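The values are calculated or read from the model by the stated rules, or taken from the named source; none is laboratory data. This one's a predicted model, so the numbers in the text were calculated from it and none came from an experiment. Positions of Cβ are generated from backbone atoms using ideal geometry, with glycine treated the same way; all protein chains shown enter the neighbour counts. Ligands, DNA and RNA are excluded from the accessible area calculation, which covers all protein heavy atoms including side chains. Shrake-Rupley method; radii C 1.70, N 1.55, O 1.52, S 1.80 Å.
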Amino acid sequence: MANIKNILGNQLEQIKQDGTYKHERIIQTPQETEIDVLGKTVINFCANNYLGLSNDIAIKKAAIEAIDEWGFGLSSVRFICGTQTIHKDLENKVSEFHGKEDTILYSSCFDANGGLFETILSKEDAVFSDELNHASIIDGIRLSKAEKNRYKHADMEHLEELLKNSNARLKLIATDGVFSMDGVVAPLKNIVMLAKKYDAMVMVDDCHATGFLGNEGKGSGDYHDVLSDIDIITSTFGKALGGASGGFVSASKEIVETLRQKSRPYLFSNSLAPALVAACIKVFDIIENDQSHKERLDKNTMYFREKIKQLGFDIKGVDHPIVPIMIYDEKKAVKMSEELLKKNIYVIAFSYPVVATGQARIRVQISSSHTSEQLDYALQAFHNVGTELNII
Ligand SMILES: Cc1ncc(COP(=O)(O)O)c(C=O)c1O
């Protein structure tokens, strides 16, 4: 007789045999550039802690004080009795930061993306999604009744062809602002141009950009100087913005109001905890008044990218702190990450099916908190292991 233990047990065994089983390494310290993992201290190059705020003293203090002032939890969804002054304050901060009319908080950006498309689009409408978009955009679009179009990754000719052939009432182009496997920014200038030409709206998921990318750190729209042309921005507090959790949608009053009325992950899920909300307000105070985190991140990113290229490695992207070091061979990429770990460098190897076959890589993520000594130590380790494995 069928039995779930056997069925899932066999599936799990298959995942292990396919080499795609995910082992969670357990960290025994706070999230920092140096962490204790597997009983030893390693330099961390795989967190999304771009601005080094995950263990920031001022942010922790804001969270602790908020527990005293506002309590631990709200035990309610927002529309029953779960909205405090600070929730509105944070929403206003995020709106001002992006120059948008309003913002709505979610428990995560996964929920923000999951609750967006089905709420604002109907079957008369159409969505145009980059094929490499994040899983949460894909799932969010699946839930909607709109006509679904998928364009080849960053392929503007394909996007134009699809837009041209659609007679939908509303057209929405949806893209990651930064593609996190490649550290590459979406071609938003061209996307905005096409949106204007075909009367479409633009939605950008800026999880890997908010707070640090672009002249003012306002994300991929700021980077391409088209921030005001982006209709809908979704993003997370779980990466550069303190790294705890929470997400949001910033857009026009009508879009945000509709989400408040009808978006299921918002309506039927508990409010963000006060400590998180107050700490995220502090994050915005910091990034708006102190450029030093962004400046150090930019400096570290350019330094590491330049030096790793000089060592002879092939990398992707231009100036994003995600630095994919291309190995192309899946076994070698895994071996490289293992050898680097022996030298106390913590990086992750990515291979098929996370990236295309033959595109195996080591993904390095730079933080503003990395010291020059840590970067130089890592570069030396990459040089040594790369040479031993005949990669450079
Ligand atoms: C592009 C992108 N969108 C959405 C998410 C989900 O964000 P959150 O962790 O807030 O759910 C992530 C996180 O991995 C992401 O990288």
Practice item. Loop sites only, by DSSP: take the chymotrypsin sites (Phe, Trp or Tyr not before Pro) in the chain that have at most 12 other C-beta atoms within 10 Å and name the longest stretch containing none of them. Key: 73-267
Exercise for review: Run down the aspartates and glutamates and flag those whose C-alpha is under 19 Å from the C-alpha of K5, throwing out any fewer than 8 positions away in its chain.
Suggested key: E13
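Can you tell me how much longer the chain between S372 and L170 gets when fully stretched, taken as 0.36 nm per residue apart minus their C-alpha distance, in nm with one decimal?
67.8 nm
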Review point. Using 0.36 nm per residue, how much length does the chain from M302 to V318 gain when fully extended, once their Cα-Cα distance is taken away?
Key: 4.9 nm
Practice item. Would you mind working out the magnitude of the charge dipole of the chain relative to its Cα centre, with +1 at each Lys and Arg C-beta and -1 at each Asp and Glu C-beta, to the nearest 20 Debye? Key: 840
Revision key, fill the gap. Expressed as a whole-number percentage, the relative contact order of the chain with C-alpha contacts under 8 angstrom and at least six residues apart is 21
Review point. If the cut-off is 24 Å between C-alpha atoms, which lysines fall inside it for K171, apart from same-chain ones fewer than 8 positions away?
Key: K100, K123, K145, K148, K152, K189, K196, K197, K253, K262
Check your understanding: Quick one: in the chain, what % of C-alpha pairs are over 38 Å apart?
Key -> 22
Review point. Which value in nm describes the separation of the simple spin-label points at E69 and R260, placed 7 Å from the Cα toward the beta carbon?
Key: 2.2
Exercise for review: Identify, among I26, S75, N44, the residue whose Cα sits farthest towards the positive end of the charge dipole of the range 1-103, taking +1 on the Cβ of Lys and Arg and -1 on the Cβ of Asp and Glu, with the dipole about the Cα centre.
Suggested key: I26
Point to revise | Anchor K331: lysines whose Cα lies under 27 Å away (excluding residues fewer than 8 positions away in-chain) | key: K16, K22, K40, K307, K309, K316, K342, K343
**Study point:** Estimated Rh, the range 284-332: Kirkwood, alpha-carbon pairs, angstrom
**Key:** 12.5
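How much FRET efficiency would the formula 1/(1 + (r/R0)^6) give for N55 and S122, where r is the Cβ-Cβ distance and R0 is 51 Å, rounded to 0.05? Don't skip to the end; give the middle numbers.
Working: r = 45 Å, r/R0 = 0.87.
According to the calculation, E is roughly 0.70.
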Study note, to complete from the structure: Correct response: the longest run of the chain lacking exposed trypsin sites (Lys or Arg not before Pro), defined by DSSP loop and at most 16 other Cβ within 10 Å, is 170-342
**Study point:** Mean ellipticity per residue at 222 nm, deg cm²/dmol - from DSSP H runs of n ≥ 4 across the chain, formula -39500 (n - 2.57)
**Key:** -12500 deg cm²/dmol
Revision key, fill the gap. Interchain or sequence-distant (5+) residues whose placed amide H lies within less than 5 Å of the amide H of L53 are G242
Review point. Among the DSSP beta bridges whose two residues both lie in the chain, what percent are antiparallel, rounded to the nearest 5?
Key: 60
**Study point:** For q = 0.13, 0.20 Å⁻¹, Debye-computed log10 I/I(0) when each Cα of the range 210-321 counts as one equal scatterer
**Key:** -0.65, -1.19
Exercise for review: May I ask for the equivalent-ellipsoid semi-axes of the range 96-191, computed as the square root of five times each C-alpha gyration tensor eigenvalue and listed largest first in whole Å?
Suggested key: 20, 18, 13
Point to revise | Share of carbon and sulfur in the accessible heavy-atom surface of the chain [1.4 Å probe, %] | key: 50
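Only Cα pairs under 8 Å and at least 6 apart count here; give the relative contact order of the range 231-378 as a rounded whole percent. It would help to have the intermediate numbers written out before the result.
Details: 178 pairs, mean separation 26.1, N = 148.
This gives 18 percent for the range 231-378.
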Review point. Any idea which of V277, I345, I366 is furthest toward the positive side of the dipole for the chain, if Lys and Arg beta-carbons carry +1 and Asp and Glu beta-carbons -1?
Key: I345
Exercise for review: Kindly state, to the nearest 0.05, the FRET efficiency for E388 paired with E161, given R0 = 51 Å and r defined as their beta-carbon distance.
Suggested key: 0.60
Check your understanding: Could you work out Rg/(2.2 N^0.38 Å) for the range 125-240, with Rg from alpha carbons only?
Key -> 0.99
